[in-house]
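These notes concern the structure reproduced below.
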Amino acid sequence: MKKLVAVLLVGLMLLLLFINMFDGSLEFNKMDLADVDGNYYAKNPIVSNMVTSVVVDYRSFDTLGEVTVLFVSSLGVAFMLGGLTTRIKFKHDDSFFLRIGVKVLFPIIVIVGVFMFVHGHLTPGGGFPGGALIGGAMLFKYISDSKYRAKISAFKVLEGTMGSIYVLLGIVGILVGNYFLQNILDIGELGNLISGGLIPIIYVLIGLKVGSELTGIFDHFMNEEV
Amino acid sequence: MIRPVLLVVLPLLIAFLSVMFKKQTKPLLLIAVLINAVVVFVIDKGEYIIGNHMQPYGIVLNVDNYSLYALIVLNVLFALLVLLNLAKITKIASILMIALGGLNGLLMTGDLFNLFVFLEISAIAAFMIVATNKKLIHVFNYMIIGIVGSVMYLFGVILLYSQYGTLNMNKMAELMTTTGTPATYIPIIMIFGGLAVETKLLPFNGWVKGVLGNSDSLVGPMIGSIYSGVMLIVFGRLFTDVFVLNDQVRILLSVIAIVTLIAGEVSAFSTMKLREILLYSSVAQSGLAVLLFLNGYGSIAVLVVFANVLAKFILFMLAGVMTNSHKKSEHTEYEHILNNTVDNHDDISTLAGIFVKNPLNGVAFSVASLSLASLPLFFGFFVKINVLYSMFLRGDYVLPAIILATSLVEGAYIIRMLVVLWNPGKEGEKATKEAVTSLNYEIDQLVCMVLLLISLSLVALGISPDLAIDRADEAGADLEYNISTEYVELEGGKE
Amino acid sequence: MTILTIIIALIVLSFATYYITKINNQVGAYTTVVVTLAALVIFLLEGDKLSGASSIGILRFSVTPLAWFFSIIMLIVYSMVAFFNPYWMKKILHPGAYNMLFLLSLAGTIGVFFAENFIVMFIFWEIVVWASMFIIPFGKSRTASVVYYAMSTFGSFTFLYAIFMLYANYGTFVIKDSLEAAKGDANIAIAAFILMLLAGFIKLGIFPFHIWLPMAHGNAPDTFSPILSGGLVKLGAFLTILITTLLPIHEVTKDQAYIFGVPILIYVLMIFGAISIVVGTLMAIKQDDAKKLLAYSSVANGGYILIGILLYDEMALSGALIHIFGHAIASATAFLTIAAVSYRTGTTKMSELGGMIHKMPITYVVYLMAIISMAGIPPMTGFISKWLLFQALADQGMFFIATTMFFGSIGSFLYVFRPLSVLFLGQLKPEHKTVKEAPIGMLIPMVILSGITLFYGVLPNSLVEYTAKIESALGFDKVIETSALVIQGNNGDLHAPLITGIFAFGFIIALIIFLIAPKSRKVGLMDTYTAGEFLYTPSLYHAGYAYYAPFERLYQKHPNIVALFAALVQKVKDFGKFIRFVFFSRWPGRGVMFIILTMILLMWGEKL
């Protein structure tokens, strides 16, 4: 009964929302396309991946914020689950094939992840998916081997360092250029690997940071109280 | 020339570094808050571009009188709060630094999506800070409702972008005024819903009782005073400076604010638990501030927020100490939920006469409460007089009656609380030393002194409110929809 | 000497007294005595030379005869009561706060009287409220303080609403200008009048807002009740006088129908005063606690004062002013005697006391003189004011209200006599055999106050001349006329010294007869009292038990207005509980449901 009422209410709200959105009153086409901000971004990309140029250059401050959100979430997980030290026991035994197979797959996944964030400014992907792949690879290792524990302290150091470097790059922007997070390196040719100034560097930072954070989170969840 | 960006970024940097230097998180936190509290006084006003892209294509930070005064109050109070709770902050020092950065960013930002990002940062940090008191069901409640609110806010921003093609606040304000009123205000209502969760307006505030009702001296002032003030200032910025509302929407939203005001005061009147009284009073004050912002009384709303922030800081900190420093409980939280019991000494009658043993705390508490009840010789009095003065000057006769009626209820429960806390004894019997409660708590001398100083500032502002009123006037001048600009001050002036 | 300096000095001294009391209770209490006496002396000496010249921003003061009159009354009450403070220091939980708030409330009252504009008046009005509100719970009841605050603030808020309404229409806060300008628009004037009058009503304790008086005055610490009853309720009278005479209300309501020579609005308000007289008197007759009894008597006297003020006749206003003076002194004296008895015996309940005349004869005489004044019998001040009020009422032909006033007068004799006969006369209880007379520090102020009452009863002319001066300052055309010893009324003259002389003559005759006649023989009471029977319930045989039972039976089943207010408060509490139950639960599902419901309603509402 309660579920029915809940579904009905949410349905009603979404219905109202959609009716309002699509009956023309929101006037989606009122703006001249040339005045929309996105138009400027499309016309002046810094690197060949338009999304990257918006995320890491025009709105780099937001990305710093997103990175911080992930950071504080991992801090939260560490705060709540931090005291636990023994691995969870799986219900099944370790499979030999899985363990060895993951050992083979692991570097490949990591390389794909690294490729994603290194080439973030040329191909779709970027720091966040790349980092997630690395985290996923670590998760494989955890699942395959019930005795495996990554060197969390190393990952924490990596996480902290990457974040600090990101912020420091921004502050360098103030000192060298004039604005925080200004793109101080040479933009270069569109389409080259070394192009876009700070953008690939930042994506590398983000990729490594996200990877280490996710690893840390997985590690915490794989522990239990004695 | 110190950039305001550093106010946001420096704490973040130190937070990132602290992950590596686990042992030194507490000194790092202290350095961060102290630097912030000092730097905030030397930044210059203006619009600061981030990343070398002109607005509206890049993000801009907007530091005008309105943000500057809010920033000063935020950073100084945050530093005080950290300094007064040195024992409790070791575990969450990094999270506190991120909260500081997030709150500063919220106040300064000039971009709607950036506001969302900082809202998320602050909210998640708040969840974690609340989790320090181990009542996890309430954190969960807060989280769910907070996420629903954030999603609504984001959706509203998306719809606005599709309508106006920009996320920059200045450009959006310009477009809204020049292209006339839109046919629907759904996006603005969604944004209102999102912010209403954080500013505790009525149907959106199911989380407040659990979070603040179980607060200690760190969580209470943080959520009840600092976060509350910041969120209201952000609300004021958005709804008076950026968005242009028409009368119908204004009335709709004001109704919610009035309902919050009435419901908050009435709920506070009906309970006898100390922290609950304070939190419902906060809800009501939020309702009042939102009402004032929506109807063009921007400077007065800033005054209300300021008075509330100062008073609640003292009250929540003392309430947290008074109700929490007793013997540790023998029951787990789960048992309490099953049996519907509470563990800490929240009821006023069990704390009767506790100020006889702690008169200095009693004085600080009384000054803050009397300022809240807007009695003269305290700052809250001039705030209320100015609220009524502005409303009458505009010819509004109904709102003052509502505000006075709710003030009466507020005064009654505050006085009831104060009178019992100072004077023990059953009805019909004289108040004697024997009837004083046997409970007592320990409080640091430093905390005691700082709280007394803050309460003295409330008295000083009560005797000479011109300093605050002039600043609020300057702050309000930055808001677009701020119609009333005359005040009752001590020194004749604009009277 | 400007008013501002006096007020600032008082406020600073009040904080200083707090610290002095922390060091030594007694020294702190004596400081209050010294400060209040000094203030009284300054006011008496300076008289008209007091100036309101200095000001800070909007804190401006103006000196008027009315203000000076009220301040003197207040200062006399405060300074005499202050003499009792040193003896109460060990009985009070927070002696430092008591002394501080004592002086702070005095500063507040002076600020109210001399205020030049409404904002200043309101500021000091509220200061008085919160200063006195914190002293009340030192006594016997905590809820009394909350009730006092709630009712008083209700009045203050209607007052504030009216102030701002007048400002919005006429652009000024200054009392005289604002009220005069209101003459132009009858509706605004009447609305502002009623709103402000509510504040005066509640402070004076007029029906139906009288319920806080017995709670607060009856339960306050014994030394503070005289100030509450003799002093602070007069603030309401002050406000009522201001708005009645400065508007003036009779001009504004000129176009209404007239009953008995006054506009109907005024008559209805006077009916409230008359009802308070009846209610106060009847409730006072029932009481067992001496302080609650005197509190109800304040309710009844508030009714007299209100009727006198509203009549807007020069005799009536003069009568009201003298009644304020007389009642303040007499009520303060009565409360002080009860406080002295309570100091020596530890109780104020009449059923636990008796025969105090044997041990505290001077206190007895003081009390006797106070109640003679309260009953309105010559040669005390109370008679003068009652005479003037009756004259004015009879002249207007308002016989209903005059009847209630007569009833109140006689009834007052009933209830003031009860403590006299029960407490002072009657049998001395065994446990009080060792009670001594009140200490000298208490006797001095009580004797001084009785002396004042007697003096102005015998020679009222200086008092009446001053009320004439007040009336002309307030804009009356005709003022009350007095020649050397005679007060001229409409239907005859009052020759007070002559009356006193006749009274004294009769007293001397009775004294001579008493001295010549054979003395009675003193017999120990307890041996013969029970005639050998064993008393199982001695309390039933106490002289004060069911003292006026036949009369009380007449109105035993009276409706109780306290229940009305209590029900109102309970409704608010229930509403609050309901909201808490519905909206604030610990389960997130409910919170999210409300969010979705509200968004639906908002979107729908916006669509429409």
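The values are calculated or read from the model by the stated rules, or taken from the named source; none is laboratory data. Bear in mind the structure is a predicted one, so any value in this text is a computation, not a measurement. We place every Cβ from the backbone using ideal geometry, glycine too, and count neighbours over all the protein chains shown.
Structure data summary
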read-out: Sole exception among (1) at pLDDT below 90; (2) outside any loop (DSSP other than H, G, I, E, B); (3) over 21 Å from B:ASN214 (Cβ atoms) for B:THR323, by number; value: (3)
read-out: Options C:GLU552, C:GLU533; residue that is among the acidic types (Asp, Glu) and free of Cβ contacts under 8 Å to residues at least 40 places away in the same chain; value: C:GLU533
read-out: Residue match in region A:83-102 (condition: within 14 Å of chain B (Cβ to nearest Cβ) and closer than 24 Å to A:ASP219 by Cα); value: yes
read-out: Hits in region B:167-181 (condition: in contact with a Leu (Cβ under 9 Å, 6 or more places away or on another chain) and at pLDDT 85 or above); value: B:LEU167, B:ASN168, B:MET169, B:MET172
read-out: Filtered residues of region B:154-169 (kept if more than 7 Å from every other protein chain (Cβ to nearest Cβ) and of a type in the set (Ser, Thr, Tyr)); value: B:TYR161
read-out: Breaking point among (1) exposed (fewer than 10 other Cβ atoms within 10 Å of the Cβ); (2) under 30 Å from C:ALA216 (Cα atoms), for C:PHE565; value: (1)
read-out: Residues of region C:184-208 that turn out to be in a loop (DSSP other than H, G, I, E, B) and surrounded by 24 or more Cβ atoms within 10 Å (Cβ to Cβ), as a count; value: 2
read-out: Residue that is farthest from C:SER132 (Cα to Cα) [pool: residues in region B:410-440 that are at the interface with chain C (Cβ under 8 Å from one of its Cβ atoms) and of a type in the set (S, T, N, Q)]; value: B:THR432
read-out: Check on C:GLU431, modelled with pLDDT under 85, closer than 27 Å to C:HIS542 by Cα and touching a helix residue (DSSP H, G or I) at 6+ places or on another chain (Cβ under 8 Å); value: no
read-out: Residue in region C:47-57 that is surrounded by 21 or more Cβ atoms within 10 Å (Cβ to Cβ) and out of contact with any strand residue (DSSP E or B) (no Cβ under 6 Å at 6 or more places or on another chain) present; value: no
read-out: Some residue of region B:170-193 being within 9 Å of chain C (Cβ to nearest Cβ), without any contact (Cβ under 8 Å) to a residue 12 or more places away in the chain and closer than 25 Å to B:ALA257 by Cβ; value: yes
read-out: Failed item, numbered, when B:VAL387 is tested on (1) of a type in the set (Val, Ile, Thr); (2) more than 7 Å from chain C (Cβ to nearest Cβ); (3) over 19 Å from C:THR153 (Cβ atoms); value: (3)
read-out: One residue from B:VAL151, B:VAL197 being under 16 Å from the mean Cα position of the chain (by Cα), within 14 Å of chain C (Cβ to nearest Cβ) and either in contact (Cβ under 8 Å) with a residue 40 or more places away in the chain or more than 21 Å from A:PHE22 (Cα to Cα) (or both); value: B:VAL197
read-out: Neighbours by Cβ (under 8 Å, 6+ apart or cross-chain): first from region C:4-32, assigned by TED's automatic domain parsing to the domain that holds C:PHE83; second basic (Lys, Arg) and assigned to a helix (DSSP H, G or I); value: C:ASN25/C:LYS90; C:GLY28/C:LYS22
read-out: From C:VAL174, C:VAL146, residue being crowded, with 20+ Cβ neighbours inside 10 Å and out of contact with any Gly (no Cβ under 8 Å at 6 or more places or on another chain); value: C:VAL146
read-out: Check on A:LEU169, modelled with pLDDT of 80 or more, within 19 Å of the chain's Cα centre (by Cα) and facing chain B (nearest Cβ under 10 Å); value: no
read-out: Selection within region B:7-36 - more than 8 Å from every other protein chain (Cβ to nearest Cβ), crowded, with 21+ Cβ neighbours inside 10 Å and not β-branched (Val, Ile, Thr); value: B:LEU7, B:LEU10, B:PRO11, B:LEU29, B:ALA32, B:ASN36
read-out: Selection count, region C:586-608, where residues are at the interface with chain B (Cβ under 8 Å from one of its Cβ atoms), surrounded by fewer than 16 Cβ atoms within 10 Å (Cβ to Cβ) and in a helix (DSSP H, G or I); value: 3
read-out: In region B:122-139, the residues that are facing another protein chain (nearest Cβ under 8 Å) and touching a Phe, Trp or Tyr at 6+ places or on another chain (Cβ under 9 Å); value: B:PHE127, B:MET128, B:ALA131, B:ILE137, B:HIS138
read-out: Of all residues making up region B:45-73, the number that are more than 9 Å from chain A (Cβ to nearest Cβ) and over 25 Å from B:ALA307 (Cβ atoms); value: 5
read-out: Residue in region B:102-119 that is at pLDDT below 95 and within 15 Å of B:SER217 (Cα to Cα) present; value: no
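Each row is one residue, and each column tells you yes or no for (1) within 9 Å of chain B (Cβ to nearest Cβ); (2) touching a Ser or Thr at 6+ places or on another chain (Cβ under 8 Å).
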{"position": "C:LEU535", "(1), (2)": "no, no"}
{"position": "C:PRO538", "(1), (2)": "no, no"}
{"position": "C:HIS542", "(1), (2)": "no, yes"}
{"position": "C:TYR545", "(1), (2)": "no, yes"}
{"position": "C:GLN556", "(1), (2)": "no, no"}
{"position": "C:ALA566", "(1), (2)": "no, no"}
{"position": "C:VAL569", "(1), (2)": "yes, no"}
{"position": "C:LYS573", "(1), (2)": "yes, yes"}
{"position": "C:ARG580", "(1), (2)": "yes, yes"}
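Yes or no, residue by residue, for (1) more than 36 Å from the chain's Cα centre (by Cα); (2) on the phi < 0 side of the Ramachandran plot; (3) loosely packed, with under 12 Cβ neighbours inside 10 Å:
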position: C:GLU552; (1), (2), (3): no, yes, no
position: C:PRO559; (1), (2), (3): no, yes, yes
position: C:VAL569; (1), (2), (3): no, yes, no
position: C:LYS577; (1), (2), (3): yes, yes, no
position: C:PHE584; (1), (2), (3): yes, yes, no
